[in-house]
1. Near residue 124, within a Cβ-to-Cβ distance under 13 Å, what is the net charge of the other residues, with Lys and Arg +1 and Asp and Glu -1?
2. Once the piece of chain linking residue 152 and residue 238 is laid out straight, how much longer is it, given 0.36 nm per residue of separation minus the C-alpha distance between them?
3. Return one whole number: the accessible area per residue of the range 83-188 in Å², for a 1.4 Å probe.
4. What is the local net charge at residue 46, summed over the other residues whose Cβ is closer than 12 Å to its Cβ (Lys, Arg +1; Asp, Glu -1)?
5. Positive end of the dipole of the range 203-248, charges at C-beta (+1 Lys, Arg; -1 Asp, Glu), about the Cα centre: which of 204, 227, 239 has its Cα farthest in that direction?
6. Which entries in 60/207; 20/207; 51/178; 113/207; 20/141; 20/124 show an alpha-carbon gap greater than 31 Å?
7. Can you tell me the length gained on complete extension of the stretch residue 145 to residue 126, counting 0.36 nm per residue apart and subtracting the Cα distance?
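The values are calculated or read from the model by the stated rules, or taken from the named source; none is laboratory data. Owing to the predicted nature of the structure, the values given are computational and were not obtained by experimental measurement. Cβ: placed from backbone, ideal geometry, glycine included. Neighbour counts: every protein chain shown. Please note that ligands, DNA and RNA were not included when accessible areas were found on the heavy atoms of the full protein model with its side chains. Shrake-Rupley method; radii C 1.70, N 1.55, O 1.52, S 1.80 Å.
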Amino acid sequence: MFRFRDRVGVLDERSQHFLKTVAWLGGYVTPEQAQELGIRNSVTRVHVLLKDLESWGFIKPVSAYPTIYQVTTSVTRLLGADLAARRQHTLETIRTRLLTINFYLEAIRWPVKFVLDHNQKISKLWEVVAEPALLPYRGSKPYLWQDLVLQRPSGEVIFTMVDHFGRHSYRQLYRHLKRFAPVLGPDDLGLMIVVSSERREQLFRRKLNHARLQRLLEQQGLELPVGDMVTIYRVRRAVPVVRPLITNRQQLRELRARRLANRGLADPQKQTTDVIHNNGTHTNTDVSSEEGGVRC
């Protein structure tokens, strides 16, 4: 089956819903997450269907252990939107999007409704914002692609940002608050930050007391403390360390060279280059430069 129409024709309703949900949430998923998303009931059936989806060209493996799949261009065609979920991403971004899935699996048990479609996000925000010009824009259009939107039974809309592995907590918090400060109010809108560990949770909570963040709210006529407008939520399930697949000889040579450099067997100049490169890699220690540690 090479035609897109034929491949879509073999998808049942659950499979289509699964692919669309994963795409809206960032594009990456593990078999364990797939089972919790309801793709199939048993572990064996989940793995069989994931292999089928791979053979039909809807997902592709990007990590061997643990197994991680990414949606392909076929899924963006299925959605009718060209999402960034199909593109190549850094390891930190992949882990961040797996964290997004974990958060979704926990939050769907809450009394909230997820709004995943971009046009529906904008429509939902227009319901509670008196002045559409105050919405976050990119170019000439409202831009909410990377924001998770939740709505409580009371009607309150929560704009949620997932903490990106390796990025500075204050800068993320400042940008998130700045984007939505013009439309924030005491009742209708709120913000949430999703983190992966207790250390990151404590770090974000300390940043809530920053004077510059409080001035952002005061400039919009809000006298409430930042802590009353922003909720910090820690996901309970850990995110795995991503080990990418080696897909060509060039990548394999680079990997071997880094291993030699780490053992002190490579050329000193090359070893320095490799060490600098490796310092930018995030591991599962949750230690970053802003916390007084060294990323290695």
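1. Numbers: positive: 113, 121, 152; negative: 117, 127, 147, 156, 188.
For residues surrounding residue 124, the net value is -2.
2. Numbers: separation 86, 0.36 × 86 = 30.96 nm, distance 2.61 nm.
Full-extension gain reported as 28.4 nm.
3. On a per-residue basis, the range 83-188 sits at 49 Å².
4. Value of the local net charge: +1.
5. 239
6. 60/207; 20/207; 51/178
7. Between residue 145 and residue 126, full extension yields an extra 5.3 nm.
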